[in-house]
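Notes follow once the structure below has been shown.
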Amino acid sequence: MSGLIRAIIDTQALRHNLSVIRAHAGRARVIAVVKANAYGHGLVSTALALRDADAFAVARLEEGLALRAAGIANRVVLLEGVFAASQLEDAAHEGLDLVVHDAGQIELLQKAGSAERFALWIKIDTGMNRLGFRPRDFSAALARIRALTPAPRELRVMTHLACANERDERATSGQLARFREAIRGLGYETSIANSAGLFGDIALGCQWVRPGLALYGASPFDDATAAALGLKPAMTLMSSVIAVRHVGQGESVGYGAAWTAQRDSMVGIVAAGYGDGVHRSLGSGTPILINGKRASLVGRVSMDMIAVDVTGRTDVEVGSRAVLWGEGLAVEEVARYAGTIPYELLCSVSQRVPLEPR
Ligand SMILES: *Cc1c(COP(=O)(O)O)cnc(C)c1O
């Protein structure tokens, strides 16, 4: 057997996706978003594979520190900024860029008197209503930031799109209009687009784009596959069949007897469960590749195992390869069976699953 569950990370695919993104980005520079362990792909190994990116973005200070500890020298943007003086000092020491999205963060900078050590990205809330200064508060915030002494080393402005993945053009153009209005005449570099903004054929006119999901070869849209966007899946989550058994008509499989054989059946047991990040909400009928061919999950996902209907197949035996998602089976499709989005499945891959670069 070639091993139980593991996530094969295709570093060529990561680099390919970055080049596709560059083609879409035109002259804009690319901030590769590697938060949440690079969407489950491994923070440091992914950043090393994507060293050509103009910058990296992470959500938390610890993620930025881990990149620096691994020797990654690219610009690193902390998307939520910092929340305490000690974090500010760590960020300065490691040369991390900060997003500034509220008044408390300006105060931190003021008190520390160390703004010259930072490149700041001021976030404007143009409709997401999560982080950022409201457009009507932005000029006051900017004035306070410009009054910092010493002055920040660099200043840029950014916003985040709420509905680009739904292709809601009215919402997106409203956000863009509020953004343009807020920054009119200022001349700062801007950053707007996530993956959906970048691939959504919207005229963004920003100098920095911030793709995450697309780097990993998944589509942010319901109506376009990753392949149609020219992207290749970077993660293939695979495991092996560890048992094959006959299940007679009328017999049930797994916890809660949630699936009952309607005919004499053959069931393969695969070493993959919710302990590995395979969501329990994946029900009977979820596709899974066995030896490269589609089969259906049956019964409940348990912690370490799932069952797969392989009735009529003569090629399935202990050791047969199972693919949960990735090459040959898009994570977007599997996510729909779980009632979620590819982001969540990728991020859920648990610590006991080894990440194996290919
Ligand atoms: C996560 C994140 C992104 C990347 O979004 P994708 O949809 O994965 O491309 C970009 N910007 C911000 C602020 C984010 O939090």
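The values are calculated or read from the model by the stated rules, or taken from the named source; none is laboratory data. Just so we're clear, the structure is a prediction, and the values are computed from it rather than from any experiment. Because the Cβ atoms are built from the backbone with ideal geometry, glycine has one as well, and the counts that use them run over all protein chains shown. These accessible areas exclude ligands, DNA and RNA; they are computed on the full protein's heavy atoms, side chains included. Shrake-Rupley method; radii C 1.70, N 1.55, O 1.52, S 1.80 Å.
One table, with the values for the structure above:
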{"quantity": "Amide H within-cut-off set for Glu356, under 5 Å, with H built and near neighbours excluded", "calculated": "Ala7, Ile8, Ile9"}
{"quantity": "Stretch gain in nm, segment Arg280-Asp102, where the contour uses 0.36 nm per residue and the Cα spacing is subtracted", "calculated": "60.3 nm"}
{"quantity": "In sequence order, calculated HN-Hα J values of region 38-54 (Karplus, 6.51, -1.76, 1.60; Hz; x Gly/Pro)", "calculated": "6, 6, x, 8, x, 4, 6, 5, 5, 4, 5, 5, 9, 4, 6, 4, 6"}
{"quantity": "Where Tyr188, Tyr255 fall by accessible area, highest first, once all protein chains stay in place (1.4 Å)", "calculated": "Tyr255, Tyr188"}
{"quantity": "Cα-based equivalent ellipsoid, region 1-155: semi-axes from gyration tensor eigenvalues, Å", "calculated": "32, 18, 14"}
{"quantity": "Nearest-10 value in Å² for the accessible area of Asp264, using the 1.4 Å probe", "calculated": "110"}
{"quantity": "Between region 159-175 and region 260-309, the alpha-carbon center distance in angstrom", "calculated": "37"}
{"quantity": "Point-to-point label distance, Ala59-His246, nm (Cα→Cβ direction, 7 Å offset)", "calculated": "5.0"}
{"quantity": "The chain - Rg over Rh from alpha carbon coordinates, Kirkwood radius", "calculated": "1.06"}
{"quantity": "Residue-count net charge about Val209 - beta-carbon cut-off 11 Å; Lys, Arg +1, Asp, Glu -1", "calculated": "+3"}
{"quantity": "Cα-based helix-to-principal-axis angle, 135-146 vs the chain, degrees rounded to 10", "calculated": "60"}
{"quantity": "Helix 11-25 vs. the chain, principal-axis angle (Cα, 0 to 90°, nearest 10)", "calculated": "50"}
{"quantity": "Proximal charge balance of Ser173 [Cβ under 15 Å; K/R count +1, D/E count -1]", "calculated": "-1"}
{"quantity": "Additional length obtainable on full extension of the chain from Asp222 to Gln262, 0.36 nm per residue less Cα span", "calculated": "11.1 nm"}
{"quantity": "Among Thr236, Thr172, Thr311, residue whose mean-square fluctuation peaks in a GNM of the chain (springs only between Cα atoms under 10 Å)", "calculated": "Thr311"}
{"quantity": "As computed over region 111-155, the Cα convex hull volume per residue (Å³)", "calculated": "76"}
{"quantity": "Bridge type composition, the chain - antiparallel percent by DSSP, nearest 5", "calculated": "55"}
{"quantity": "Sequence-separation-based contact order of region 11-218, relative, with Cα cut under 8 Å and 6+ spacing, percent", "calculated": "21"}
{"quantity": "Computed [θ] at 222 nm, helices only, for the chain once each DSSP H run of length n ≥ 4 contributes -39500 (n - 2.57)", "calculated": "-8000 deg cm²/dmol"}
{"quantity": "Met128 accessible area, assembled protein chains, probe 1.4 Å, Å²", "calculated": "60"}
{"quantity": "Area accessible to solvent at Lys293, 1.4 Å probe radius, in Å²", "calculated": "110"}
{"quantity": "Extended-chain gain in nm, criterion 0.36 nm per residue less alpha-carbon gap, Asp201 and His93", "calculated": "35.0 nm"}
{"quantity": "Cα pair distances of region 235-357 binned at 5 Å [whole percent]", "calculated": "2, 12, 23, 26, 20, 11, 4, 1, 0"}
{"quantity": "R0 of 41 Å, Cβ-Cβ distance Asp315-Arg29: FRET efficiency to nearest 0.05", "calculated": "0.25"}
{"quantity": "³J(HN,Hα) computed for each position of region 97-111 - Karplus, 6.51 cos²θ - 1.76 cosθ + 1.60, integer Hz, glycine/proline x", "calculated": "6, 10, 7, 10, 10, 8, 4, x, 6, 5, 4, 4, 5, 4, 5"}
{"quantity": "Rounded tilt (10° steps) of 169-183 against the dominant C-alpha axis of the chain", "calculated": "30"}
{"quantity": "Sites Ala151 and Gln351 - FRET efficiency at Förster radius 45 Å, r taken between beta-carbons, to 0.05", "calculated": "0.55"}
{"quantity": "At most 11 other Cβ within 10 Å, DSSP loop - trypsin sites (Lys or Arg not before Pro), region 10-79", "calculated": "Arg27"}
{"quantity": "Taking the convex hull of Cα positions in region 125-181, its mean projected area over all directions (nm²)", "calculated": "4.4"}
